[in-house]
Amino acid sequence: MNREDVLKVAALARLEIPESRLERMAQELSAVLDFAAALDRLDLAGCEPTVFAPTDAPLRADQIDESRRLTAEQALAAAPEAEDAFFLVPPIVENVNP
């Protein structure tokens, strides 16, 4: 990847990457893509998928911790936009006729 690719991906992901980090980010993303390409070249014929999560893991009881509960006001305090008790977010898909 080059700097322009990083800028394009950052724009799509709505990320701000400082100019000083673009070159390093390009190298790191290239390394990730190279690794994924290496995995794609593996011959996995005859290999069964496996589950890595333990199936006998102990589960904790769900308990409400009132000291960690946010009020609506606390949750909305850092929101860029809010109305009543709701977050306002831009539409993901525009101009769609149902």
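What the table shows:
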{"item": "Pair list, Cβ under 8 Å, 6 or more apart: the stretch 81-98 residue closer than 25 Å to Thr71 by Cα and open to solvent by less than 100 Å² (accessible area, probe 1.4 Å), other residue among the small types (Gly, Ala, Ser) and at pLDDT 65 or above", "result": "Ala85/Ala72; Leu88/Ala79; Leu88/Ala82"}
{"item": "Which listed residue, of Arg21, Arg60, is in a loop (DSSP other than H, G, I, E, B) and among the basic types (Lys, Arg)", "result": "Arg60"}
{"item": "Members of the stretch 59-75 that are of a type in the set (Asp, Glu) and open to solvent by 100 Å² or more (accessible area, probe 1.4 Å)", "result": "Asp62, Glu66, Glu73"}
{"item": "Residue match in the stretch 2-10 (condition: surrounded by 10 or more Cβ atoms within 10 Å (Cβ to Cβ), in a loop (DSSP other than H, G, I, E, B) and among the polar types (S, T, N, Q))", "result": "yes"}
{"item": "Residues within the stretch 74-98 that are farther than 18 Å from Arg14 by Cα and either modelled with pLDDT of 90 or more or not in a loop (DSSP other than H, G, I, E, B) (or both), tallied", "result": "8"}
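The values are calculated or read from the model by the stated rules, or taken from the named source; none is laboratory data. As the structure is a prediction and not an experimental result, all values here were calculated from the model. Cβ coordinates were reconstructed from backbone atoms using ideal geometry, including for glycine residues, and neighbour counts include every protein chain displayed. Quick note on the areas: whole protein, heavy atoms, side chains included, nothing else; ligands and nucleic acids left out. Shrake-Rupley method; radii C 1.70, N 1.55, O 1.52, S 1.80 Å.
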